[in-house]
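*Asks:* Following this message is one structure expressed as structure tokens.
The values are calculated or read from the model by the stated rules, or taken from the named source; none is laboratory data. These figures come from a predicted structure and were not determined experimentally. Here Cβ is always computed from backbone atoms with ideal geometry, including for glycine, and neighbour counts include all displayed protein chains. When the accessible area is computed, the model is the full protein with side chains, heavy atoms only, and any ligands, DNA or RNA have been set aside. Shrake-Rupley method; radii C 1.70, N 1.55, O 1.52, S 1.80 Å.
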Amino acid sequence: MPKWNDLQEQSFLESDARARAVGLVDEGTYTELAGPFDRFYSPHLEVLGEAVEFDDGIVTAVGKIGKTPVFVISQEGRFIGGSVGEVGGAKMVNTIRLAIEFHDKLVADYPNISDEEKPVVVISFETGGVRLHESNAGLLAHAEVMDQLQKARHKVPVITLIGSKVGCFGGMGFVAAATDAIVMSEFGRLGLTGPEVIEQEMGKEEFDSSDRALVFRTTGGRHKYIMGDCNVLVQNMIGAFRDAVAKLAVLPVSEFEKMRRIGSPEAVERQLRAVALAAEMQPQDARDVWAKAGNPDPVALTDIPLDEFLADVKRLSV
Amino acid sequence: MEATETMMGRGRDAIDMIVDADSFNEGTIGAKTFDDPEFGPGAVVGTAALNGEAVTIIASDANAFNEKFPVVYAGIIGMEEGYKMAQAVYASLEADKAKSVAEKRPLVLIVDTPGNGPGKVEEIFGMNKATGAYQLALAEARLAGHPIVAMVIGRAISGAFLCHGLQADHIVSLDANFGTMIHVMPLTSVSRIIRKDLETLQELSKGNPVFAAGPRFFYALGGVEELVGTIDGMRPTIIEHIKAIRAAKAAGEADKLGPWGRGQLGAEREGRKVRPEVIKLMNQEFAAVAEKYAPSR
């Protein structure tokens, strides 16, 4: 494990799940829960004769940023694509549950507790969703996470980070959408159905999965920022993600409701206006929507430096 | 396993078989009406009476096609459908917001859906939000006291089942001989993707429900509360489950319901044995360090 200071400068994209988790919280505050030494691994992979990992491809931990207790969930894409099964799913679900219980306890024990002393959950996604080797258990785990996200509402903010290689797809795509705030790097990708699956279901004319630039434009961080699906777009460094979390962590929970995409009748109305626009436009490319949002040169948006992009870009409003 | 009459593709028929005769009022939930027939045609929403009590019905229409979004047919849930279903849930919450928990209307989800809309336009505009919105709405209604029962009559596949079914308090399913399917993808596809031969998977699936398809395997995981053996049995079973859910909520036992409750059921039925061990140890480990993370005063 590199030194904490070095982690801050390290590429989020290139880092493994544990480096991301350790680097996100203050030095010396990190405690891993159900870590590799506890040796929880998937019994279902074992039955299939597949290799297992003693953390089942997910790091769960608690740490602090400033005065804020931070419950960290960090998925490892290098282990079966960051897929979610019984054990990893239970770790994820229970981390959120622990944060909610801790919140309730602190509020009861410390009547004058400040917003920045209340816990947050941070999820670093790197996953294609359900693990097919134990798919039914993975489905049930996804449903449990959504249940906990709703239980955390108005209490514990849940912050999504997406900037790792696999991105965030499948069922975890809507789990991310259901969190309070989403921080991405421009290399992060977020979606529901992966490009290969769309191509397989709908044909190459619908979506050419070999057109990597097109695929990236459709799900990448810059596009999600324009669409309002990503709240904060940051540089590809663990420290940059950490800074974004630190700024968010001190906010009162009511501020997070304003950042949400979904989770209220009003938010659904807003999304339906976007859907009506989709029906009207039938865009063939994300760039069509960037132009609609008021960007005169959408092609250039892909390649200009991030700070210029953030300074100039017009985001879609419906 | 004797094959019986299938309900697949017959969501509208199922509504008539389940609710009180001629009571289904499509497109109206409390003060909310869904007047545009071209809006989310794959989603059927409305109010009916069940045993004399008002319930919200949410179902898929396998015979509808959404002209605006061609990926929506055969019961697929698209963007409009997902948000329409979410609106049906919010309308139910709004209609009963002044009522006590004991009086909140039940929601009955009739499940026969092969998937979520897979398309480029869907990904550009964020299909993940539509399915997520519906799930959050259901979770909110469940936590607010509305009893939610999902009745699987046909296909309950992957992400579509996650939004339309898995947030319910209780899930009941027609048994496997009705052709009901609950899974992420068929074993044949799993076999290809994870590169294990089909025979091996089929053999293992006899003893291990986590990758086998079908409601009986899902039952062992705690994913289905009860299997229903006859079509006539759907209505009384749903009525019984609404009663049981109400009783559990009134007794402050909401943790025995919904996804978390199914986790405990999965352990009892020995389909998910490691999950409770993981949770127990994490709780102990955190309790040992919790003081470090409390405010210093």
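Yes or no, residue by residue, for (1) assigned to a helix (DSSP H, G or I); (2) closer than 21 Å to B:Leu143 by Cβ; (3) more than 11 Å from every other protein chain (Cβ to nearest Cβ):
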{"site": "A:Asp104", "(1), (2), (3)": "yes, yes, yes"}
{"site": "A:Ile113", "(1), (2), (3)": "no, no, no"}
{"site": "A:Asn136", "(1), (2), (3)": "yes, no, no"}
{"site": "A:Leu149", "(1), (2), (3)": "yes, yes, no"}
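*Asks:* Then there is this: Run down B:Val55, B:Val45, B:Val72 and say which single residue is open to solvent by less than 10 Å² (accessible area, probe 1.4 Å) and farther than 30 Å from B:Lys97 by Cβ.
*Replies:* B:Val72
*Asks:* May I pose another question? Do you know which residues across the range B:134-181 are surrounded by fewer than 24 Cβ atoms within 10 Å (Cβ to Cβ), out of contact with any Pro (no Cβ under 8 Å at 6 or more places or on another chain) and among the charged types (D, E, K, R)?
*Replies:* Within the range B:134-181, B:Glu140 is the sole residue that qualifies.
*Asks:* Name every residue in the range B:258-297 that is modelled with pLDDT of 95 or more, surrounded by fewer than 22 Cβ atoms within 10 Å (Cβ to Cβ) and over 25 Å from A:Asp38 (Cβ atoms), in order of residue number.
*Replies:* B:Gly261, B:Pro295
*Asks:* Is it true that B:Glu80 is out of contact with any Leu (no Cβ under 9 Å at 6 or more places or on another chain) and either modelled with pLDDT of 95 or more or open to solvent by 20 Å² or more (accessible area, probe 1.4 Å) (or both)?
*Replies:* no
*Asks:* Which residues, taken from the range A:1-12, are assigned to a loop (DSSP other than H, G, I, E, B) and surrounded by 17 or more Cβ atoms within 10 Å (Cβ to Cβ)?
*Replies:* Correct list: A:Gln10, A:Phe12.
*Asks:* Let me ask something else about it. In the range B:151-164, which residues are within 24 Å of B:Asp16 (Cα to Cα) and within 11 Å of chain A (Cβ to nearest Cβ)?
*Replies:* Within the range B:151-164, B:Ala156, B:Ile157, B:Ala160, B:Phe161, B:Cys163 qualify.
*Asks:* Ok, one more. Tally time: how many residues in the range A:37-93 are within 16 Å of B:Arg275 (Cα to Cα), in a helix (DSSP H, G or I), open to solvent by 20 Å² or more (accessible area, probe 1.4 Å) and at pLDDT 95 or above?
*Replies:* Total meeting the criteria: 1.
*Asks:* Any chance the range A:259-272 includes a residue that's touching a Leu at 6+ places or on another chain (Cβ under 8 Å), assigned to a loop (DSSP other than H, G, I, E, B) and either free of Cβ contacts under 8 Å to residues at least 24 places away in the same chain or of a type in the set (Val, Ile, Thr) (or both)?
*Replies:* yes
*Asks:* Right, something else. Which condition number in (1) more than 14 Å from every other protein chain (Cβ to nearest Cβ); (2) touching a strand residue (DSSP E or B) at 6+ places or on another chain (Cβ under 9 Å); (3) buried (at least 17 other Cβ atoms within 10 Å of the Cβ) is the one that A:Ala286 fails?
*Replies:* (1)
*Asks:* Give the number of residues within the range B:182-231 that are within 11 Å of chain A (Cβ to nearest Cβ), open to solvent by 50 Å² or more (accessible area, probe 1.4 Å), in contact (Cβ under 8 Å) with a residue 12 or more places away in the chain and part of a helix (DSSP H, G or I).
*Replies:* 2
*Asks:* Considering only residues that are of a type in the set (D, E, K, R) and part of a helix (DSSP H, G or I), look in the range B:77-118 and name the one that is farthest from the other protein chains (Cβ to nearest Cβ).
*Replies:* B:Glu103
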